[in-house]
Structures are given as C-alpha cells and as structure tokens.
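First comes the structure, then the notes that go with it.
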Amino acid sequence: MKLCAEEIKKCKGVRQLALITCYDYPTALCLEGLDLDLVLVGDSLGEVVYGMANTTGVTMEMMLRHTEAVRRGLPNTHLVADMPFRTYDTEDLALTNANRFKDAGADSVKLENPPPAVVEFLCAQNFSVMGHVGLTPQTMHEYRKQGKDEASAKYIFESAQRLSSAGCYCLIAEAVTRKVAQTLTAEIPVPVIGIASGKNTDGQIIVISDIIGIFKQERSYVEKYSDVRSCIISAVNKYITSVKSSSFGN
C-alpha cells in the first residue's frame, strides 16, 4: 500500500523506514510489491547511471524522464524525486519544477538544504517536501563525514530544525557523525533517514547500485548483498563463448 507523506511522518518513533534509490523501469519492476516505504529517483543517477563526476550536471529533463520510467514500473510505492541543482532557487522556480515532477508521477520532491521559505511555499501549494542535510552533493563535492566539530554539528542541527519547521515531512541526513545522527533523531520531530550516518536513525536509504554490487569500487559503509557485476560478466562471457564456438542460437 502506498504511504502518503503524512503517514510516513507518523512513523517517527514507531518503526524503521526502508528507502532505496531507483533510476529505471526494469529495476522498478523488481522493487514493485516489496515492503519498501519510499523509493527515491535520486540525482545520484548523474554518477551511477551517466558516469558524471558529481550531480551538478543533472538536468530537469533527465530527472523527469527517469521519474516517469520508475513510476511506470512502481505504481504502488511512494515515489520521491530529487530536484536538481539550481532548480529550486526561488519560490516560483521551485513551484514550476515541482509541478513538472508531479506530472511525471512523483508523490513528493526532495530538496538539498533549501531555503526554508521555499519549503514553506511548496507546502502551502500542497506539495510534500523531503529535506536533505549533512553532506549535500549538489554543493559539496568532497565526500567526507560532516558534523565532526561543534560549529558544523550546530549548523546541521539548525538546518534540520528550520526544514522540519518549514514543513518537511521527512529529512535525509547524509554522512553525518553518529552523534549528530542520534541528536537529530532524538530532537527533530519528523523522521530522520540516514545514509552513511550509522544505524541510530528513524530509517535508512541506500543507492541501489551499492548494495547489489554493480560497481567494482565498494563504499565502506555499505553492506553488499549481491554481486550483480560478476553475474553480468559471467553471462556475457558465456554468450561470447557460445557465439565464437558457433553454438549460439537454434
């Protein structure tokens, strides 16, 4: 059953939330019917689908096409769409692009540490908004732990407070220290979803490419549950052998 934003918000302190990213139709078909609470069409697709150095080159057109594709394969799960870099700088721009995501099938949109006024404006227009604090890849291109010193920890906490007060139904806390994650989870009134932030949060989100083992390089904070890369290499090698030995086909 698809959860609405308000139902997700009410999970705070009740149960853990399971989120994952998805970028394409065939993967969405695999996820349909699983006990996932939310699926994110993340702008991380710039890196894991298009091979970009970071997410700043991701465009609205790219995100819309991928959101549409995932929606076709995943009709019964709450779908969150990442708003790309510089697409929510002003209230009017944010509203225009949020409407485009709604038309593409998104149930809510995610913004990386946005101006609270933009969140308030979107919420007033009946949009559900997820926030994102800590490591925000649209503006931080060096991937390192956030909140190690008192000043940065305070900034993350105050940012989370502002976003939850502005109306975000949920927050992602990326690559923050365990202490910061625990503080956010204890004191922020909406669910705090961790990624690379330890297990003491209200839920977790992960990039699907990381847990299925599609890339050679592994992230230290990810448990790899499968080895799809090896499966693909094995299948293609068997195909090559079959073709070159003239045994392929009928």
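Just so it is clear, none of the values below were taken in a lab; they were calculated from the coordinates. Please read all numbers here as calculations on a predicted model, not as lab measurements. Cβ atoms come from the backbone with ideal geometry, glycine included; neighbour counts cover every protein chain shown.
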Residue 24 paired with residue 89, simple spin-label distance in nm, labels 7 Å along Cα-to-beta-carbon:
3.3
Estimated 222 nm signal from helices in the chain, with DSSP H stretches of n ≥ 4 weighted -39500 (n - 2.57), rounded to 500:
-12000 deg cm²/dmol
Calculated percent of Cα pairs over 31 Å apart (choose from (1) 23; (2) 36; (3) 29), label:
(1)
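Output the peptides 184-195, 50-61 sorted from most to least packed, where packing is the average of other Cβ atoms within 10 Å over each peptide's residues. Don't jump to the answer; show the numbers that get you there.
Details: 184-195: 22.2, 50-61: 14.7.
Packing order, densest peptide first, comes out as 184-195, 50-61.
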Projecting the Cα atoms of 175, 245, 109 onto the charge dipole of the chain, where Lys and Arg contribute +1 and Asp and Glu -1 at Cβ, the residue farthest towards the positive end is 245
Beta bridges per DSSP with both ends in region 5-212, % antiparallel, nearest 5:
0
Nearest 10 degrees, 0 to 90: what angle lies between the long axis of helix 60-73 and the longest principal axis of the chain (Cα atoms)?
70
Report, ordered by chain and residue number, the lysines lying within cross-link reach of residue 9, taken as a straight Cα distance under 25 Å and ignoring same-chain residues fewer than 8 apart.
102, 110, 154, 179, 199
With springs only between Cα atoms under 10 Å apart, run a GNM on the chain and tell me which of 72, 229, 162 wobbles the most.
229
Residue 143-residue 186 pseudo-label distance in nm [points 7 Å out on the Cα-to-Cβ vector]
3.0
So which aspartates and glutamates pass the test for residue 148, namely a Cα distance under 18 Å, with those fewer than 8 places away in the same chain ruled out?
158, 174
Could the peptides 113-122, 75-84, 13-22 be put in order, highest first, of the mean number of other beta-carbon atoms found within 10 Å of their residues?
75-84, 113-122, 13-22
What spacing in nm lies between the two simple spin-label points modelled at residue 16 and residue 215, each 7 Å away from Cα in the Cβ direction?
2.4
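Extension gain residue 32-residue 236, at 0.36 nm per residue separation less the Cα-Cα distance, in nm? All intermediate terms of the calculation are to be shown ahead of the outcome.
Details: separation 204, 0.36 × 204 = 73.44 nm, distance 2.68 nm.
Result for the pair: 70.8 nm of gain on full extension.
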